[in-house]
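S.K.: My structure is below; once you've seen it, I'll send some questions.
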Amino acid sequence: MRKKRLASFLAAAGLLASTVPLFTAAQASALPTEDLRAESAQSTPSDGVQADAAYLRQKPAWHRCSAEQPASYECATIKVPLDYRRPAGRTLDQAISRVRSTNPAKRHGVLLLNPGGPGGTGLELPLDLGEVVPAEVAEQYDLIGFDPRGVGASSPISCGLTDAEQGIDRPYHPGSFPSDVSWARNIAAKCREKAGSVLPYITTRNTARDMDTIRAVLGERKLSYLGYSYGTYLGAVYTQLFPGRTDRFVLDSGVDPNLIWRGMFQTWATEAEPAFARWTRWAAERSGEHHLGESPAAVSKTFWDLVARADRDPIDFQGEKITGDDIRGARALFFYPAQVTPLVVALKDAADGKPAVTPGASGPGFGMKRALAGASGPAPAEPASDNAVAVLWSVACGDTDAWPRDPERYRHDAVRDKAAYPLYGDFASNIKPCAFWPRPLEPQTPMKVRAGVLTVQNEWDSQTPLASGQGLHRALKGSRMVLALGGEGHGVYLADPNSCAAAPVTAYLTTGKLPARDITCRTTTPGGERQGAPVKPLPIPSGPGRF
């Protein structure tokens with residue numbers, strides 16, 4: 001059960017989520033004054049944390065999280081400043097959790113965990129990861145979970161969005177672009193109206209400050225960290241704000257700091273193209289089984305003919321109408337050839353009037369649209385809250401002022417990228433609410449401080465593609481990278497028990513020694529074949545964006 005929950009955490013965790021000149025203040029510290037002075041030269045002057053602030057002297061009131069969960073899993077709530085420039089002002093709840101080290105005699109410190117997002121909840125990660133973490137890691141660390149500010153149990157925010165307003169996948173068409181602009185403008189307006197006093201402070205920099213507050217109230221001199229996906233950018237920002245507090249950091253499935261955040265949407269389009277080409281080769285090699293074409297070019301033609309056909313006349317499948325845009329919007333599935341091929345075959349059969357069964361889907365109400373979105377079960381009974389998508393836009397729009405403000409720029413880019421990257425280019429570059437968001441309160445965090453951290457990456461990751469992970473590694477001078485060639489899926493360490501990356505990551509967490517050089521290994525099955533697709537592929541961006 002816990003392993004399934006871990007898979008769902010990593011699947012739900014994905015990417016994403018406004019401003020005045022930044023202030024200068026000393027960083028938070030549980031260290032003596034002389035140690036703070038000694039390390040101040042390593043710290044950026046803009047971390048915004050006051051070393052003598054009262055909130056740093058809190059003592060968490062740990063308690064059993066619930067009667068249904070193990071007694072070893074403890075929870076607490078502390079307070080963090082809404083605005084770190086005004087530490088005595090308004091506060092937010094910060095929900096934290098822990099599972100203690102299994103061997104106090106070997107305890108090294110705490111390992112803070114983040115599943116990604118923006119908008120991903122991490123409170124139960126100590127339980128989920130605790131079941132799969134190597135024994136030597138469990139001995140050395142208290143595993144610490146937290147819901148980032150604005151998420152879940154940490155003063156959750158809402159923009160009051162309807163289900164229809166929460167989707168981010170909007171393909172470009174000349175006739176619908178005015179409604180896309182209205183959608184983006186309306187999201188920004190509703191967020192300002194509903195949560196305008198809080199949204200400007202739901203940013204990666206402030207969440208990194210919250211991480212350091214957690215470190216301080218736990219009485220730790222330094223912080224170790226395991227962050228996935230968006231959590232890699234969060235961890236990278238922490239290394240820049242608090243280099244003297246950074247201990248053993250593992251950044252798994254990397255976000256390129258130079259692409260936040262519009263560029264990260266756009267990398268979904270650019271990197272879907274080589275994944276699509278790989279899929280056409282895979283399907284062509286199995287043409288006798290799937291009958292999509294005997295060459296990559298033939299498979300590609302079959303696919304694009306199907307898209308054009310669905311655009312002209314939506315495909316009737318199990319009572320749903322599937323358009324070409326629905327099919328193109330499934331760009332993430334093409335990173336998993338064994339998963340996407342039966343779906344394409346099923347759609348083609350339906351278009352041809354043949355009986356078709358969605359592979360892996362059963363029961364009433366499943367629906368091909370959910371299958372295209374990477375789902376593997378019935379739809380939830382209740383509509384989801386907009387908490388995750390509210391945090392997504394808060395972070396994506398509030399971290400950087402690089403978003404274009406002119407709708408015509410988005411139109412131009414969507415037309416260009418639809419031609420250059422036909423699978424997903426127009427989705428990626430179409431207008432977003434950030435075009436109408438208030439200006440950020442702080443500038444984007446530059447990656448200038450050396451960071452001796454370990455980055456980890458699968459070769460075929462749909463949400464933070466290889467190019468993004470390599471960009472993170474380049475940006476963090478002094479980092480090392482473990483690249484799993486052949487690895488599929490979003491999330492490597494602990495997510496894939498067969499990954500060749502597992503051993504070097506465990507070695508780093510238990511010794512604190514980075515590899516002497518970057519490591520490139522190959523993830524294989526026991527039979528020596530390339531790693532197969534996961535049983536459940538990650539969902540493509542539907543609702544909250546996921547990096």
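S.K.: Any idea how many residues of the stretch 88-111 are surrounded by fewer than 19 Cβ atoms within 10 Å (Cβ to Cβ) and either under 19 Å from Ala53 (Cα atoms) or small (Gly, Ala, Ser) (or both)?
M.R.: 6
S.K.: Would you point out which residue out of Leu111, Leu125 is closer than 30 Å to Ala502 by Cα and touching a Pro at 6+ places or on another chain (Cβ under 8 Å)?
M.R.: Leu125
S.K.: Could you please find all residues in the stretch 404-437 being hydrophobic (A, V, I, L, M, F, W, C), surrounded by fewer than 21 Cβ atoms within 10 Å (Cβ to Cβ) and farther than 29 Å from Pro274 by Cα?
M.R.: Ala435, Phe436
S.K.: Among the residues in the stretch 524-539, are any among the β-branched types (Val, Ile, Thr) and at pLDDT 95 or above?
M.R.: no
S.K.: Can you spot a residue in the stretch 438-448 that is surrounded by fewer than 24 Cβ atoms within 10 Å (Cβ to Cβ), over 30 Å from Arg405 (Cβ atoms) and at pLDDT 95 or above?
M.R.: Looking for residues that are surrounded by fewer than 24 Cβ atoms within 10 Å (Cβ to Cβ), over 30 Å from Arg405 (Cβ atoms) and at pLDDT 95 or above, one finds none in the stretch 438-448, hence no.
S.K.: Could we say that Val181 is β-branched (Val, Ile, Thr), surrounded by fewer than 19 Cβ atoms within 10 Å (Cβ to Cβ), farther than 23 Å from Phe547 by Cβ and modelled with pLDDT of 95 or more here?
M.R.: Here the answer is yes, as Val181 does meet what is asked.
S.K.: Do we have Ala420 as closer than 18 Å to Ala332 by Cβ and of a type outside the set (Val, Ile, Thr) here?
M.R.: no
S.K.: For residues that are touching a helix residue (DSSP H, G or I) at 6+ places or on another chain (Cβ under 6 Å) and of a type in the set (Lys, Arg), tally how many sit in the stretch 159-197.
M.R.: Residues flagged as touching a helix residue (DSSP H, G or I) at 6+ places or on another chain (Cβ under 6 Å) and of a type in the set (Lys, Arg) within the stretch 159-197 amount to 2.
S.K.: Still on this structure, I have one more. Looking at Gly145, is it surrounded by 22 or more Cβ atoms within 10 Å (Cβ to Cβ) and either outside the structural domain of Thr246 (by TED's automatic domain parsing) or modelled with pLDDT under 95 (or both)?
M.R.: no
S.K.: Here's another thing I want to ask about it. For the list (1) under 25 Å from Leu223 (Cα atoms); (2) in contact with an Asp or Glu (Cβ under 6 Å, 6 or more places away or on another chain), I need the number of the one condition that Val453 fails.
M.R.: It is condition (2) that Val453 fails.
S.K.: Based on what the data block shows, is Gln470 of a type outside the set (Lys, Arg), surrounded by fewer than 19 Cβ atoms within 10 Å (Cβ to Cβ) and either under 26 Å from Pro115 (Cα atoms) or within 19 Å of the chain's Cα centre (by Cα) (or both)?
M.R.: Spelling it out, Gln470 is indeed of a type outside the set (Lys, Arg), surrounded by fewer than 19 Cβ atoms within 10 Å (Cβ to Cβ) and either under 26 Å from Pro115 (Cα atoms) or within 19 Å of the chain's Cα centre (by Cα) (or both).
S.K.: For the condition farther than 19 Å from Arg64 by Cβ and either within 18 Å of the chain's Cα centre (by Cα) or of a type outside the set (Phe, Trp, Tyr) (or both), what is the one hit in Leu123, Leu111?
M.R.: Leu111
S.K.: Do you know which of the residues in the stretch 214-236 that are β-branched (Val, Ile, Thr) and surrounded by fewer than 24 Cβ atoms within 10 Å (Cβ to Cβ) is nearest to Tyr84 (Cα to Cα)?
M.R.: Ile214
S.K.: Is it the case, given these coordinates, that Thr232 is within 19 Å of the chain's Cα centre (by Cα), over 13 Å from Ser394 (Cα atoms), modelled with pLDDT of 95 or more and assigned to a helix (DSSP H, G or I)?
M.R.: yes
S.K.: Inspect the stretch 163-172 for any residue being of a type in the set (Asp, Glu), in the same structural domain as Asp210 (by TED's automatic domain parsing) and not in a loop (DSSP other than H, G, I, E, B) and give the result as yes or no.
M.R.: There is no residue in the stretch 163-172 that is of a type in the set (Asp, Glu), in the same structural domain as Asp210 (by TED's automatic domain parsing) and not in a loop (DSSP other than H, G, I, E, B).
S.K.: Right, another one. Taking the conditions exactly as written (modelled with pLDDT under 95, closer than 20 Å to Ser66 by Cβ, of a type in the set (Asp, Glu) and within 18 Å of the chain's Cα centre (by Cα)), does Asp128 satisfy them or not?
M.R.: Criteria met by Asp128.
S.K.: Would you mind stating whether Pro156 is touching a Lys or Arg at 6+ places or on another chain (Cβ under 8 Å), modelled with pLDDT of 95 or more, in a loop (DSSP other than H, G, I, E, B) and within 21 Å of Val389 (Cα to Cα)?
M.R.: The answer is no for Pro156.
S.K.: While we're on this one: Of all residues in the stretch 450-488, count the ones that are out of contact with any strand residue (DSSP E or B) (no Cβ under 6 Å at 6 or more places or on another chain) and either of a type in the set (A, V, I, L, M) or in a loop (DSSP other than H, G, I, E, B) (or both).
M.R.: Looking only at that region, the number is 13.
S.K.: Follow-up question, since we're still on this one. Read through the list (1) part of a helix (DSSP H, G or I); (2) surrounded by fewer than 20 Cβ atoms within 10 Å (Cβ to Cβ), then give the number of the only condition that Pro126 fails.
M.R.: (2)
S.K.: Could you tell me how many of the residues in the stretch 261-285 are surrounded by fewer than 24 Cβ atoms within 10 Å (Cβ to Cβ) and over 28 Å from Thr341 (Cα atoms)?
M.R.: Going through the stretch 261-285 one residue at a time, the tally reaches 2.
S.K.: If a residue has to be modelled with pLDDT of 95 or more, surrounded by fewer than 14 Cβ atoms within 10 Å (Cβ to Cβ) and not in a loop (DSSP other than H, G, I, E, B) to count, how many in the stretch 37-80 make the cut?
M.R.: 2
The values are calculated or read from the model by the stated rules, or taken from the named source; none is laboratory data. The structure presented is a predicted model; accordingly, all values stated were derived computationally and were not measured. Positions of Cβ are generated from backbone atoms using ideal geometry, with glycine treated the same way; all protein chains shown enter the neighbour counts.
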